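The values are calculated or read from the model by the stated rules, or taken from the named source; none is laboratory data. Nothing here was measured: the structure is a model prediction, and the numbers come from that model. Just so you know, the surface numbers come from the protein's heavy atoms only, side chains and all, with ligands and any DNA or RNA stripped out. Shrake-Rupley method; radii C 1.70, N 1.55, O 1.52, S 1.80 Å.
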Amino acid sequence: QEVSKNKVRVSPLHEPSPSPQLGHLLRQRSTHFSHPHTIQHHLTMKFFSGLLVALTAASANAFTANAPRTVSPKTALSATATEWDIANIGRSVRIEGSSREHWEFPDPNQEIVQVGIDSNGRPVESLIELWIGPDWTPMKVKAYTEDGMMRPVQSLIGTRNKAAAIDINNTGPGDFPLNAAAAYAGPSMVGQRADLIAANQGRYIEGGAVHSVNFDATVEQVQVLLYTDTRQLNAQVELLNGPNNFKQKYEVFTNNGLLNSLYVIFNTPGAGNVVRVTNLAPLEFPCKAFIASV
């Protein structure tokens, strides 16, 4: 068979030799990938690609419905905090600034009402009143807190075993709403107040006197109880953090400090917390204070 001079006959037993142009290209690629900077660049890219794949897999496992979850053990403090949640107390109401809401308690067989007030982190200024009958207000409590989420208002108020109502008035401005709830206190709350009196000696505070108690950083909640021997109770309880820097404050007035004692619970996060009690009444109207950690 005739073939042209420019063509090469290929034998079935031999492979054709590469052209000079192909060999030149192969030598260029070999030289390019053998350069140390190029090798380091490719290794770095492979490392970050593997790291990205690992992170993607970890994030996918984090959102898996069957992924194991770590549950913190329940403590006595967490149980107490849960009992004071607004949603767990009873009917909760959002009260705008300069407005009010009241709760009725018609059962004379129950005596103690649990009151809770919080906010979304803004200050809270409120007035809590006990109404008995059409025009009798035997007890008033002014409550202030700098942060209604971190330090909510938590108090127990007695109804003197009568049909009564609790009125909560938001005395703050219109742009500072609050959330409030009130209901008859459960047996655990009633027992907690009784245990405070039984386990502590208390402090006798005469009219015009001041008493302070310091707490370290390990204490997360403090309970305070003020009462008198049927005489009027006019006192102020403050939670301080720093010199004269009060974070929360209660001011109570009642014509009978035995039937309507003041019981409040402070949240005390951090260090340097001090509870200060001031008897605002004259000298002949002393009161007794019980202060202890929860």
query = Hey, what does the equivalent ellipsoid look like for the range 254-294, semi-axes from the Cα gyration tensor as sqrt of 5 times each eigenvalue, largest first, whole Å?
reply = 25, 13, 8
query = Heavy-atom accessible area per residue, the range 157-199, 1.4 Å probe: how many Å²?
reply = 38
ask   = Computed from the mean reciprocal separation of all distinct C-alpha pairs, what Kirkwood hydrodynamic radius does the range 218-294 have, in Å?
value = 12.8
remark   = Shape call for the range 81-232, from the Cα gyration tensor axes a ≥ b ≥ c (a/c under 1.5 means rounded, otherwise prolate when a/b beats b/c, else oblate), comes out rounded
inquiry  = Relative to 2.2 N^0.38 Å, what does the C-alpha radius of gyration of the range 202-244 come to as a ratio? Two decimals please.
reply    = 1.36
remark   = At q = 0.10, 0.12, 0.18 Å⁻¹, the log10 of I(q)/I(0) for the range 144-294 from a Debye sum over equal Cα scatterers comes to -0.35, -0.52, -1.21
Carbon + sulfur, % of accessible area of the range 199-294 - ligands and nucleic acids excluded, 1.4 Å = 50
Percent breakdown of C-alpha pair distances by 5 Å bin, ordered from the shortest bin, for the range 184-255 = 3, 10, 20, 22, 25, 13, 5, 1
